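Participant: Once you've had a glance at the structure underneath, I'll fire off some questions.
The values are calculated or read from the model by the stated rules, or taken from the named source; none is laboratory data. Since this is a predicted model, take the numbers as computed values, not measurements. Cβ sites come from the backbone with ideal geometry, for glycine too, and all protein chains shown count toward neighbours. To get the accessible areas, we keep the full protein, side chains included, count just its heavy atoms, and leave off ligands, DNA and RNA. Shrake-Rupley method; radii C 1.70, N 1.55, O 1.52, S 1.80 Å.
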Amino acid sequence: MKRKKFIKKVLVIAVLCSLLMISGCGTQEDKPKAKISSADKEAVNSITETKLEKYQVDIKSSYVHGTSAFGFALKFEVKLDNMSSSYDAYVCNDMSSLVDKKIQEENSKNFNDFKEKNPDISEEELNEAYNSIYKTIYFMNVTYAAGENVEIEWAPYPTEENSSKYSSYEEILKTGYMYLVLKEGENITGFMVFEFPVSVTEKGEYERISYETVNVLEAVTFEKTDGKYQNVSLDYVKSRVDNILENK
């Protein structure tokens with residue numbers, strides 16, 4: 001019961017703040033493990049990786065634990081030169097999550113519409129309505145539309161499904177990891193691995209826990225050979241992510 005109350009409190013506060021703002025791979029010790037099929041093993045030796053160099057990562061807003069003014073997710077943008085990929089983002093374990101902004105915007109719109117139609121509603125009734133309108137915005141993977149840039153919101157807390165595994169902030173507020181898969185249609189054309197170092201600084205009588213930096217651990221593309229896409233599977237990318245985190 002304590003675990004559920006703890007995570008539920010974190011998620012509810014985070015969601016409320018995200019609504020207000022709109023209307024106004026985990027840790028190294030807990031890495032993703034992928035099983036590679038025999039077909040994938042045969043394909044590994046034939047896959048050619050090229051270092052991705054023409055990209056830029058810009059932080060839009062930091063995450064500061066317990067401080068709503070800084071938001072409840074680390075928001076950053078990845079810009080790719082001369083590439084119009086679509087993107088699939090994955091956290092590296094169940095200690096963190098990604099914000100689905102489409103659902104976030106839908107929640108905000110529905111909630112604001114309800115308030116406009118019911119201007120005299122009590123705060124208690126408004127809270128009940130919010131609970132019925134709200135859809136979770138936190139997932140372990142999110143898909144983004146094609147374009148030369150993508151804006152990602154990474155949150156240092158688990159999804160509702162994984163929340164019962166943790167009972168304290170100390171268990172989840174650690175250095176986090178995620179990876180971004182670049183795609184053209186159904187073809188995987190590259191990937192990037194990100195690290196989010198946790199920063200703990202003394203501020204008088206309390207500690208300030210924040211995420212203010214995004215490190216790119218690896219960025220590669222799978223260029224076409226003889227005019228054809230290489231046969232790259234998601235399991236292959238997952239195995240590469242495992243290897244990168246194990247050897248960092």
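Participant: Among the listed residues 44, 15, 91, 10, which satisfies the condition of being open to solvent by less than 60 Å² (accessible area, probe 1.4 Å) and at pLDDT 60 or above?
Facilitator: Among 44, 15, 91, 10, only 91 is open to solvent by less than 60 Å² (accessible area, probe 1.4 Å) and at pLDDT 60 or above.
Participant: Turning to a different aspect of this structure: Is there any pair with a first residue in segment 208-237 that is assigned to a strand (DSSP E or B) and a second that is aromatic (Phe, Trp, Tyr) and open to solvent by 60 Å² or more (accessible area, probe 1.4 Å) whose Cβ atoms are under 9 Å apart and which are 6 or more apart or on different chains, and what are they?
Facilitator: 209/169; 210/70; 216/55; 219/55
Participant: Is it the case that residue 200 is more than 16 Å from residue 93 (Cα to Cα) and modelled with pLDDT of 95 or more?
Facilitator: no
Participant: Out of the residues in segment 195-248 meeting the condition of being of a type in the set (Asp, Glu) and farther than 21 Å from residue 63 by Cβ, tell me which one is least open to solvent (accessible area, probe 1.4 Å). Walk me through how you get there before you give the answer.
Facilitator: So in segment 195-248, the residues of a type in the set (Asp, Glu) come out as 195, 202, 205, 207, 212, 218, 223, 226, 235, 242, 246.
Subsequent filtering for residues that are farther than 21 Å from residue 63 by Cβ retains 205, 218, 223, 226, 235, 242, 246.
Details: 205: 190, 218: 51, 223: 103, 226: 154, 235: 54, 242: 12, 246: 91 Å².
Going through the qualifying residues, I end up with 242.
Participant: Next question. Does residue 58 count as more than 30 Å from residue 208 (Cβ to Cβ) and part of a strand (DSSP E or B)?
Facilitator: no
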